[in-house]
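Note sheet for the following structure.
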């Protein structure tokens, strides 16, 4: 049986151990304590050893995982959960979590009245209610989501699983407490909807869509919302083009033609611009059209398209979201007769919304990086930079692209395909802090998370930051500008949509 090397953090220092390679992480820790003598006694939590109790969750190679279910690999790193006080070795203090659970009254409070005939309770859950509750009920208190939530790390936000519990009781007709009020006091608007909690959940609970967004919807109906989000609502309802931002210059949809035909057409798509590309980043839209044509993709641009509705879905304003969705479905569902094979986006938020929230759609949705890889990348020219030096690029994964659409490899393939470009990965893939209504509603939190993102960017020493989300682009630009000013950093770092970069090398 071959032994492999692993590293375990003990007293804040990594120590190396050699263990049999056919074990789980939990098995390896048991082996170390048994075989390495009296001087080694690593402290950790474990109970069921079957992935049901959640007590053995640790940070394994940077991500929270169940030690009883994670197989060993060479040079694997084992640490205690992040963002918790460490009691000893791999044991963290769960006390604050239980205090929070107690604070929200973590039980069904139904105030049942009893008379001589027994319990009186006319509030019964429907099958629909039960199904909503089932989707968020399988938590095993592993705290993986709490250890990776950026909003919990940088604010007083209670964290994903606490909100999940509040949503569970809100959906339960037997419960009499005002769960929306409690959730709002626990900073419900602070969630960026980045989806990291969903990604790390060992029970695959979709906390974002099935708890947070639905609880925000109920909260909005009951009058619990941020005034800043109402301003965005006013923008889209009062704007004749239904955009979330005001018009500052000529919109893209007023500048471009309705169709751009590729010289050697491989396929034809419709272009969904989104609010920021239409009203703020028109050059990104123009670049997208050029590079699509260069890859043999003809483009149709419906001039009457409106906001996808993402800002309103994320902040609980489902009434506005539904109006916008109905309008877009009417437009894009009727394009098949024009030979359109799908709808392309250059915005992660728009793409995720069209893919996941437009259940009634009759069209295929593709991110621009997904589409380019599908038809095949052309031979790009070298990216030219002053001094003819190799350009250093780092890539920011938009949460609504990586987790919302499962797209991470495609943008990197494109960047690696460009001559004279060196792709340097950041030390951690994390949210920039702009999503979920946080940039508009809780700007101080957005700034703090953005600052953390900037630190990761600066470590790469990159010349350009590439992303596929106008919202991320704006926020990273602002965060970089502010951080550089605060720290007297003169290095020029551009932030660009991938369409803007590729258009320069076709």
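Figures for the structure shown
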item: Space enclosed by the convex hull of the alpha-carbon atoms of the stretch 3-92, per residue, Å³; result: 89 Å³
item: Over the chain: Kirkwood hydrodynamic radius from C-alpha pairwise inverse distances, Å; result: 25.0 Å
item: Cα-based equivalent ellipsoid of the stretch 244-284: semi-axis lengths in Å, sorted from largest, via gyration tensor; result: 24, 10, 7
item: For the stretch 1-52: rounded, prolate or oblate by the Cα gyration tensor [a/c cutoff 1.5]; result: oblate
item: Potential lengthening between residue 98 and residue 444 on full extension [0.36 nm per residue; Cα-Cα distance subtracted]; result: 121.8 nm
item: The stretch 428-459 versus the stretch 185-247: alpha-carbon centroid distance in Å; result: 17 Å
item: Residue-averaged [θ]222 nm for the chain, counting only DSSP H segments that reach four residues, each worth -39500 (n - 2.57); result: -11000 deg cm²/dmol
item: Per-residue Cβ neighbour rank within 10 angstrom, fewest leading, 393, 4, 99; result: 99, 4, 393
item: FRET efficiency estimate (nearest 0.05) - Cβ-Cβ, residue 204 to residue 248, R0 45 angstrom; result: 0.60
item: Sorted largest first, extent of the stretch 288-332 alpha carbons per principal axis (Å); result: 40, 20, 12
item: Burial ordering of 319, 463, fewest other beta-carbon atoms within 10 Å first; result: 319, 463
item: Relative contact order of the chain, defined on C-alpha pairs under 8 angstrom at six or more residues apart (%); result: 11 percent
item: Which of 496, 267, 58 has the fewest Cβ neighbours within 10 Å, and the rest in rising order; result: 267, 496, 58
item: Alpha-carbon radius of gyration plus Dmax, which is the widest Cα pair, for the stretch 227-377 in Å; result: 15.0, 50
item: Rg ratio (alpha-carbon, reference 2.2 N^0.38 Å) - the stretch 386-503; result: 1.03
item: Percent of Cα pairs exceeding the 24 Å cut-off, where the set is the stretch 95-221; result: 27 percent
item: Relative intensity, log₁₀ I(q)/I(0), of the stretch 387-452 from a Debye sum that treats every alpha carbon as a point, q = 0.15, 0.18 Å⁻¹; result: -0.61, -0.78
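Bear in mind these aren't lab numbers, they're just calculated from the coordinates by the rules spelled out. This is a predicted model, so every value here is computed, not measured. Note: ideal-geometry Cβ built from the backbone for every residue, glycine included; neighbour counts use all protein chains shown.
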